[in-house]
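Notes to accompany the following structure.
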Amino acid sequence: MPFGSRDRGVGGSPSRLPSSRRPIRRLARFAGLTAVGWGVMTLTHELGHLLGGWAGGGTLRSAWLGPWPPPYSSFQPDPYPALTLWAGPLFGVAAPLLFAALLPARWTKRRRWAWFLADFCLLANSCYLAVSWFTGDRLLDAPRLLAAGVSPVWVGLFCVVACGLGYVRFRADCRAVWEHGAVPDQPSPDDANRPPPDEPETGGGSVV
């Protein structure tokens, strides 16, 4: 056996990881992205509550934005509690989606990870609202929204639409990360104006 054949692939390029190590690496990547997604979701969700409370003229009494315990904020008095409460999931969904959409198209890899996190936030915010409604805990968002006079129709509509869309998108992201190690890139406005790649010439001599 020639020297170095165990360490080099075809054409002298480094070989890939052994197949036994690939699932471990993919699982670690997926776990890391999910942990980051949870941090982004809780932070943007609570920032939304803060922005909504300040916009409604509320007085902030206490707040915490650290990773643990989970972020929280309290406004007393709060003239428009429905605004404060709705701003949490709405900003928590919109901010990551807007950030991913505005990243330059040339940052292909960064855009892919940003869309993974944005889709996670879309699903997590809607699931949190649905679970809090189901549990009926008066300290959580859905029961507080209902107590503030918000119609259950609006809460249910948000949960159904966001959960459905978030599930479809995040499921595709998870499959891509697990199978290929990357999230499918999202289309950008520049893609429509981008010319097709040149095809190699096949006539005349041989291709090396």
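The values are calculated or read from the model by the stated rules, or taken from the named source; none is laboratory data. None of these values were measured; they are calculated from a predicted model. Cβ sites come from the backbone with ideal geometry, for glycine too, and all protein chains shown count toward neighbours. Just the protein is used for accessible areas: all its heavy atoms, side chains included, with ligands, DNA and RNA removed. Shrake-Rupley method; radii C 1.70, N 1.55, O 1.52, S 1.80 Å.
Does a label point 7 Å from the Cα of residue 165, set along Cα-to-beta-carbon, have any residues of segment 78-95 with amide nitrogen under 11 Å, and which are they?
93-94
What distance in nm lies between label points placed 7 Å from Cα along the C-beta direction at residue 137 and residue 178?
About 2.8 nm, to one decimal.
Grab the beta carbon distance between residue 30 and residue 61, set R0 = 30 Å, and tell me the FRET efficiency rounded to 0.05.
0.20
Ignoring ligands, DNA and RNA, what percent of the 1.4 Å accessible area of segment 123-180 is carbon and sulfur?
Its accessible area is 69 percent carbon and sulfur atoms.
For an R0 of 25 angstrom, estimate the FRET efficiency from the Cβ-Cβ distance between residue 153 and residue 98 and round to the nearest 0.05.
0.40
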